[in-house]
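Chemist: Take a look at this one; I'll ask things after.
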Amino acid sequence: MQAIKANGYTVIFNNEGYIELNKQILENKYSKLFIIVDSNTNEVCLPKLLPLIESNCPIEIIEFEAGEINKNIETCVQIWKVLTDLGADRKSLIINIGGGVVTDLGGFVASTFKRGIDFINIPTTLLSMVDASIGGKTGIDLGNLKNQIGVINNPKLVVIDSDFLETLPQIEMRSGLAEILKHGLICDKIYWKQFLDLSTLNFDDIDAIIFDSIKIKNEIVMQDPKELGIRKALNFGHTLGHAIESYFMENPTKKNLLHGEAIAIGMVLESFISRVKNLISKEEYLEIKATIKSIFEEVVFDEKDIHSILNLLIHDKKNENGTIKFVLLDGIGNYIINQNVENEVIISSFEDYKL
Ligand SMILES: NC(=O)c1ccc[n+]([C@@H]2O[C@H](COP(=O)([O-])OP(=O)(O)OC[C@H]3O[C@@H](n4cnc5c(N)ncnc54)[C@H](O)[C@@H]3O)[C@@H](O)[C@H]2O)c1
């Protein structure tokens, strides 16, 4: 599998990735390696990685409890303290091995420790392989508000090894699929079409699916690394998706939604809005809704839920001058950014979702 050139770093697959990892460790003469893991990746992913690292550098493992709930400043403070206690300096390297929570938080910890030290991402969930580990967005949540604190800073390298997916629960695989579907919907109709019936999909092709998805994201990010314009396209499904995710996270009576599960709902709702604005045809909307609803379990929203979710929208980072800006589809495979949407249309998107 060919390497993918990104902004100042490369995404490298399988064995070649580990060769490059060892090369970079050697060439950069790091003083110490710190591997950040969560409680699950410490158990199931680290034992595979450690024997592949060829370095005389001292290696320290830093673990935090798995889960979005821990993607916060308290976890960062604990890790910054451990780094300090273990003598991390500006020539130390952080290797993040885990899902999006580890790569987001570990990248942020590295980007801010002593004004920034090098980090490398080794994503171990489908979602982090195709999305979170790529593109340089690092950050943490503020209470239940998603990704409110963070910086854009690129890793030195991303190593993709789909063997890690062998231990990943099905529900997490599905969550990653949401971002893959998004990449098809905004940029590539042919790529999208292969997911219309998952039973026809050959998961032996997972490397090719991951490769294409990273390429789509990377091409967008390369043109607009700071999200001033077209990078906003990657937020399709996320304006409502993030608000839904936040709402479910803070509400103890609700089942916890995975990131991809929330984004999947957000994509159905924002496709409905695209339909109302005459940007996609009825057939396209029904195709999107049927496909996503066949993969992801339906979630029930009552009036109070919808009202609270609308309130959360005001915190969306994509807001400008108090106006909520949406990314909508302009036909499957195309997008349009900075769209205003009236509250009534958002409410009707929830009503249509349950039909
Ligand atoms: N920075 C970005 O551009 C970007 C893009 C998309 C999503 N994100 C963020 O990514 C996060 C979601 O990432 P995620 O879905 O990977 O969640 P996650 O990191 O919580 O991982 C999901 C679960 O899988 C476990 N796990 C990880 N790898 C495993 C493996 N190989 N085998 C078994 N279990 C494994 C984890 O411990 C966790 O329990 C969210 O915080 C989201 O905001 C960031």
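Chemist: Of Lys114/Lys232; Lys277/Lys325; Lys48/Lys255; Lys193/Lys254; Lys146/Lys282; Lys5/Lys29, which pairs sit farther than 21 Å apart, going by alpha carbon to alpha carbon? The partial results should precede the final answer.
Modeler: Values: Lys114/Lys232 30 Å; Lys277/Lys325 14 Å; Lys48/Lys255 33 Å; Lys193/Lys254 33 Å; Lys146/Lys282 32 Å; Lys5/Lys29 23 Å.
Check vs 21 Å cut-off fails for Lys114/Lys232; Lys48/Lys255; Lys193/Lys254; Lys146/Lys282; Lys5/Lys29.
Chemist: Keeping the other protein chains in place, figure out the carbon and sulfur percent of the accessible area of the range 125-224, with a 1.4 Å probe.
Modeler: On the way: 1900 of 3840 Å².
Roughly 50 percent, rounded to a whole number.
Chemist: Put Met222, Met173, Met1, Met267 in order of accessible area, largest first, 1.4 Å probe: what do you get? Let's see the in-between values first.
Modeler: Details: Met222 80, Met173 30, Met1 110, Met267 0 Å².
Listed by decreasing accessible area, they come as Met1, Met222, Met173, Met267.
Chemist: Jot down the radius of gyration and Dmax of the range 1-78, Cα atoms only, both in angstrom.
Modeler: Rg then Dmax for the range 1-78, in Å: 14.5, 39.
Chemist: Could you work out, for the range 53-197, what percent of all Cα-Cα pairs fall into each 10 Å distance bin, beginning at 0 Å and stopping at the bin that holds the largest distance?
Modeler: 11, 38, 34, 13, 3, 0
Chemist: Take Lys193, Lys254, Lys282 and sort them by solvent-accessible surface of the protein heavy atoms, 1.4 Å probe, largest at the top.
Modeler: Numbers: Lys193 85, Lys254 50, Lys282 120 Å².
These residues rank, largest area first, as Lys282, Lys193, Lys254.
Chemist: If you roll a 1.4 Å probe over the heavy atoms of the protein chains, what accessible area per residue do you get for the chain, in Å²? Numbers along the way, then the final one.
Modeler: On the way: 15140 Å² over 355 residues.
Counting only protein heavy atoms, the per-residue value for the chain is 43 Å².
Chemist: Then there's this: Can you tell me the relative contact order of the chain? Whole percent, Cα pairs under 8 Å, sequence separation 6 or more. Don't jump to the answer; show the numbers that get you there.
Modeler: Numbers: 611 pairs, mean separation 51.3, N = 355.
Result for the chain is 14 percent.
Chemist: Assuming R0 = 41 Å, can you tell me the calculated FRET efficiency for the pair Ile61 and Lys282, based on Cβ-Cβ distance, to the nearest 0.05?
Modeler: Values: r = 53 Å, r/R0 = 1.30.
So, using R0 = 41 Å, E works out to roughly 0.15.
Chemist: Another one. Report the accessible area of Trp192, computed with a 1.4 Å probe over the heavy atoms of all protein chains in place, in Å² rounded to the nearest 10.
Modeler: 0
Chemist: Using the Karplus curve 6.51 cos²θ - 1.76 cosθ + 1.60 with θ = phi - 60°, what ³J(HN,Hα) values do you get for each residue of the range 250-263, in whole Hz, with x for Gly and Pro?
Modeler: 8, 9, x, 7, 9, 5, 6, 9, 6, 3, x, 5, 5, 5
Chemist: Oh, and also: Can you give me the angle between helix 14-27 and the longest principal axis of the chain, using Cα atoms only, in degrees from 0 to 90, rounded to the nearest 10?
Modeler: Tilt relative to the chain: about 50 degrees.
Chemist: Here is a further query. In degrees from 0 to 90, rounded to the nearest 10, what is the angle of the helix 282-295 Cα long axis to the longest principal axis of the chain?
Modeler: Once rounded, one gets 50 degrees.
Chemist: Pop out the Kirkwood hydrodynamic radius of the chain from its pairwise C-alpha distances, inverse of mean 1/r, in Å to one decimal. If you can, show how the numbers build up before the last one.
Modeler: Details: mean 1/r = 0.0484 Å⁻¹.
Evaluated on the chain, it is 20.7 Å.
Chemist: Sticking with this one: What angle, in degrees between 0 and 90 and rounded to the nearest 10, separates the Cα long axis of helix 343-353 from the longest principal axis of the Cα atoms of the chain?
Modeler: The angle comes out at about 90 degrees.
Chemist: How do Glu27, Glu68, Glu245 rank by accessible surface area computed with a 1.4 Å probe, from largest to smallest?
Modeler: Values: Glu27 115, Glu68 45, Glu245 5 Å².
The ordering from most to least exposed comes out as Glu27, Glu68, Glu245.
Chemist: May I ask you to list the aspartates and glutamates whose Cα is less than 14 Å away from that of Lys215, ignoring any residue fewer than eight positions away on the same chain?
Modeler: Within reach: Asp131, Glu179, Asp188, Asp207.
Chemist: Given the C-alpha centroids of the range 170-211 and the range 71-109, what is the distance between them in whole angstrom?
Modeler: One Cα centre to the other: 31 Å.
Chemist: Using modelled backbone amide H atoms (1.01 Å from N, in-plane), which distant-in-sequence or interchain residues come within less than 5 Å of Ile149's amide H?
Modeler: Ile140, Leu142
The values are calculated or read from the model by the stated rules, or taken from the named source; none is laboratory data. Note that the coordinates shown come from a computational prediction; the quantities given were computed from them, not determined experimentally. Don't worry about glycine lacking a Cβ; one is built from the backbone with ideal geometry, like all the others, and counts go over all protein chains shown. Accessible surface is based on the protein model in full, side chains and every heavy atom, while ligands, DNA and RNA are left aside. Shrake-Rupley method; radii C 1.70, N 1.55, O 1.52, S 1.80 Å.
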